[in-house]
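Values quoted throughout were computed directly from the atomic coordinates according to the rules given, and no laboratory measurement underlies them. Computed from a prediction, not measured in an experiment: that's the story for all the values here. Heads up, the Cβs are rebuilt from the backbone with ideal geometry, glycines too, and the neighbour counts pull from every protein chain shown.
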Amino acid sequence: MPLEVLSLTFNAVQENTFLVYDTDSLETIIFDPGCYSRAEEQRLLDVIEERGLKPTQLINTHCHFDHVFGNAFVKETFGLQLGIHPLEQPILEMAPLIVSTYGMPPMTASPPPDYFINEGDDIKLGQYQFQVLLCPGHSPGSLCFYQPEAGFVIGGDVLFRNSIGRTDLPGGDHPTLMGAIITKLFPLPDETVVYPGHGSSTTIGYEKKNNPFVREFLDA
Ligand SMILES: [Zn+2]
Ligand SMILES: [Zn+2]
């Protein structure tokens with residue numbers, strides 16, 4: 001495998017942080033660093049050090065607090081630029097307030113984004129490119145990152161194994177989410193592996209056949 005995907009599960013809501021790296025150059029994209037405690041930050045550092053990874057990019061699929069807890073730490077530690085979809089900036093700014101309303105210990109606020117990522121942009125990693133898909137509904141600017149040669153998508157909280165992202169948070173909308181899943185993700189090859197923001201990985205083909213939310217929506 002020329003590209004490798006490592007996942008680490010962090011924080012109270014079991015968020016998946018993904019490290020995607022080119023096995024030749026060891027250049028690494030860190031997607032959604034959810035590390036919250038000192039111990040979790042250290043676990044992220046240990047994995048990076050053990051494998052000799054060279055983080056070069058910091059990207060949020062969307063900016064709910066569980067996906068951005070570690071933004072400040074990762075940006076400072078590795079000197080990276082943060083990329084998000086423009087519609088996620090207000091959500092990023094709100095994250096510390098939301099965390100306090102949940103009664104969790106205060107989070108270190110994320111730095112503002114350094115650049116914006118839009119649908120159709122190419123995200124490069126070594127000689128590989130990710131296609132950027134805008135999949136709103138869980139969050140207004142949710143992005144999925146599809147890598148055709150390696151056959152996987154970093155999906156955020158859009159499509160889970162046998163489930164879908166919740167749509168009861170500000171900016172969420174159920175029909176919009178279903179539309180994104182059906183028009184953006186389901187056209188990908190069935191064998192495409194989906195690495196979601198929570199829970200275990202799945203494939204597009206498995207979800208087309210088995211996902212109860214999709215079946216209910218299509219039957220309605
Ligand atoms: Zn989310
Ligand atoms: Zn999440």
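Got a number for residues in the stretch 172-191 being within 21 Å of Asn16 (Cβ to Cβ) and surrounded by fewer than 19 Cβ atoms within 10 Å (Cβ to Cβ)? The qualifying residues number 2. Checked across the stretch 153-174, the condition of being free of Cβ contacts under 8 Å to residues at least 60 places away in the same chain, within 16 Å of ligand 1 (Cβ to nearest atom), at negative phi and part of a helix (DSSP H, G or I) holds for at least one residue.
Among the residues of the stretch 1-58, write down those that are away from ligand 2 (no atom under 16 Å from the Cβ), more than 12 Å from the chain's Cα centre (by Cα) and hydrophobic (A, V, I, L, M, F, W, C). Within the stretch 1-58, Met1, Leu3, Val5, Leu6, Leu26, Ala39, Leu44, Leu45, Val47, Ile48, Leu53 meet the criteria. Scanning the stretch 16-72 for residues that are among the polar types (S, T, N, Q), within 16 Å of ligand 1 (Cβ to nearest atom) and over 21 Å from Tyr146 (Cα atoms) returns a single hit, Asn71. Could you please let me know if Gly205 is in contact (Cβ under 8 Å) with a residue 12 or more places away in the chain and crowded, with 17+ Cβ neighbours inside 10 Å? Spelling it out, it is not the case that Gly205 is in contact (Cβ under 8 Å) with a residue 12 or more places away in the chain and crowded, with 17+ Cβ neighbours inside 10 Å.
Out of everything in the stretch 120-141 that is over 15 Å from Ile182 (Cα atoms) and small (Gly, Ala, Ser), what residue ends up being nearest to ligand 1 (Cβ to nearest atom)?
Ser139
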